[in-house]
Amino acid sequence: FFGGRLILGGLRDKPTAFLGSVTNDLYNLGLGSAYEDEGIFTVLDTDQVNAVQAVVPGRRLELYSTGGEHAVLEDILTPEATAPLQTEWGSSRVRPVRIDGSSIFIQRRGKQVRQLTYDLLKESFISQNLSALTPEIFNDPIDMAALKGTTRDDSNYVYVVNGDGTMAVLLLSAEYEIVAWVPWSTDGKIRSVAVVDDEVYILVNRTIEGAEKYYIEQLVDDVFLDSQVTITLATAGTAVTGLSHLNGKVVQVKVDGARRVDKTVSGGAITLDRPGTVVEVGLPFEAKAETMPPAFPTKTGTTMGDFKRIVKIQVQSLDTAGISINGAKQSLRELNVDNLDTVPTGKTGFYNYEPGDSEWLQSPTVTILHNEPEPMTILGIIIEHEIGG
């Protein structure tokens, strides 16, 4: 819908045309005598058959075709409107999304995610490749959705579902020039994504006891397992049922806030080693972050090719538990200091790790792993290097 009209494009017999209804009469496609408020029938001016793949109402009416991106540049949409070619990347059938005043679309060959933005100085649209630094996390995208800033999080996110069942997630902020992609995966395959009322839902295909099952699952900020359920027992006990959707799966378990040993679901149930009341059960996943190789300026250039070794690592965290730094698990508590009879809480402060006689490398990095059902927020990393060994 755009300018009080219903816009249709990519018709079977006229793939390069778009139609517009009579203004404020959405189901009336009559062309009439071509008065300004009457119906529209316009064919894209191209030298090849560029079928319309999507129509997007933005600052202007945008039309995405197999051979390029078009837009109606007139302020008012009339039967005389044309849609000149703006950029020539071509679009896939995945519907573009609007975010931060721009449109994001999947390039026709499925290896680029591009942002179409109107340039006031050029009085035309320009296209920017958002996936130039991470092309390896895209594999034939089949679906896309956008989450705009909410009351819980003022960031913008774009979710791109790949044909292989993985998902690429974009954190986008035009104000701070942030374009950050993260690959996501789960036990099974993600098939679709949707955003409804600031909530994100995914359709997941899992194999349960040899049979394919489909589940609609919601992404929730304070849930740290996939396909998780929380079961509250009437009285403290060890028998936990209602887990048939996880039959045959090895699951992580939290009881009354404390991590317990992993269990395998059988017959829709697990048996706890010790009684508890509030039980959280779900599929584990691993979060991984790795720093870029260091390069320090010197009087003669940089240390890019010099050998270095890591002497000390400081990871500043917020309410974070269960992380490993370069393969070394970090402890939350100390003997003779902390009360070991209480449920541990995440650390807010610094995890300090000294790797000892670490290897001399030209490009040493720091890897942080997290695979526990706990929150993790990393605020910063300080790395002390020794150079020239």
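Figures for the structure shown
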item	result
Tally of residues being surrounded by fewer than 19 Cβ atoms within 10 Å (Cβ to Cβ) and under 20 Å from ASP45 (Cβ atoms) across region 1-10	2
Where LYS254 falls short, out of the listed (1) out of contact with any helix residue (DSSP H, G or I) (no Cβ under 8 Å at 6 or more places or on another chain); (2) surrounded by 13 or more Cβ atoms within 10 Å (Cβ to Cβ); (3) free of Cβ contacts under 8 Å to residues at least 60 places away in the same chain	(3)
Spans of strands (runs of 3 or more DSSP E) in region 1-93 with at least 1 residues under 21 Å from GLN128 (Cβ atoms) and under 27 Å from the mean Cα position of the chain (by Cα)	52-57, 61-65, 69-72, 85-87
Scan of region 118-134 for residues that are in a loop (DSSP other than H, G, I, E, B), surrounded by 15 or more Cβ atoms within 10 Å (Cβ to Cβ) and not polar (S, T, N, Q), ordered by number	LEU130
Region 148-185, residues that are open to solvent by less than 20 Å² (accessible area, probe 1.4 Å), among the hydrophobic types (A, V, I, L, M, F, W, C) and closer than 28 Å to ARG206 by Cα	VAL158, VAL160, VAL161, MET167, ALA168, VAL169, LEU170
Residue among GLY110, GLY165 that is touching a Lys or Arg at 6+ places or on another chain (Cβ under 6 Å) and either at negative phi or not in a strand (DSSP E or B) (or both)	GLY165
Residues of region 242-251 that turn out to be open to solvent by 40 Å² or more (accessible area, probe 1.4 Å) and touching a residue at least 40 places away in the same chain (Cβ under 8 Å), as a count	1
Those residues of region 11-26 which are on the phi < 0 side of the Ramachandran plot, of a type outside the set (A, V, I, L, M, F, W, C) and surrounded by fewer than 18 Cβ atoms within 10 Å (Cβ to Cβ), in sequence order	ARG12, ASP13, LYS14, PRO15, ASP25
Filtered residue count, region 272-282, keeping only those that are in contact with a Lys or Arg (Cβ under 7 Å, 6 or more places away or on another chain), over 26 Å from VAL315 (Cβ atoms) and surrounded by 13 or more Cβ atoms within 10 Å (Cβ to Cβ)	1
Condition check for ALA295: of a type in the set (Gly, Ala, Ser), open to solvent by less than 80 Å² (accessible area, probe 1.4 Å) and under 23 Å from the mean Cα position of the chain (by Cα)	no
Hey, LEU29 open to solvent by 20 Å² or more (accessible area, probe 1.4 Å), farther than 22 Å from ARG95 by Cα and either hydrophobic (A, V, I, L, M, F, W, C) or modelled with pLDDT of 90 or more (or both) or not	yes
Only listed residue being over 34 Å from the mean Cα position of the chain (by Cα) and either modelled with pLDDT of 90 or more or open to solvent by less than 50 Å² (accessible area, probe 1.4 Å) (or both), chosen from ALA287, ALA328, ALA239, ALA269	ALA239
Identity of the residue in region 212-227, open to solvent by 40 Å² or more (accessible area, probe 1.4 Å) and over 14 Å from the mean Cα position of the chain (by Cα), that ends up modelled with the lowest pLDDT	ASP222
Every residue from region 91-117 that is open to solvent by less than 40 Å² (accessible area, probe 1.4 Å), out of contact with any Asp or Glu (no Cβ under 8 Å at 6 or more places or on another chain) and touching a residue at least 40 places away in the same chain (Cβ under 8 Å)	SER92, VAL97, ILE99, SER102, ILE104, ILE106, VAL113
Where a residue in region 186-202 is open to solvent by 40 Å² or more (accessible area, probe 1.4 Å) and its partner, wherever it lies, is assigned to a strand (DSSP E or B) and of a type in the set (Gly, Ala, Ser), with Cβ under 6 Å and at least six apart	ALA194/ALA145; VAL195/ALA145; TYR201/ALA194
Members of region 190-212 found to be outside any loop (DSSP other than H, G, I, E, B) and either under 17 Å from GLY248 (Cβ atoms) or touching a helix residue (DSSP H, G or I) at 6+ places or on another chain (Cβ under 8 Å) (or both), listed by number	VAL204, ASN205, ARG206, THR207, ILE208, ALA211, GLU212
Filtered residues of region 165-204 (kept if small (Gly, Ala, Ser) and at pLDDT below 90)	SER173, ALA174
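The values are calculated or read from the model by the stated rules, or taken from the named source; none is laboratory data. Everything numeric in this text was worked out from a predicted model, so none of it was measured. All Cβ positions, glycine included, derive from the backbone under ideal geometry; neighbour counts span all protein chains shown. Just the protein is used for accessible areas: all its heavy atoms, side chains included, with ligands, DNA and RNA removed. Shrake-Rupley method; radii C 1.70, N 1.55, O 1.52, S 1.80 Å.
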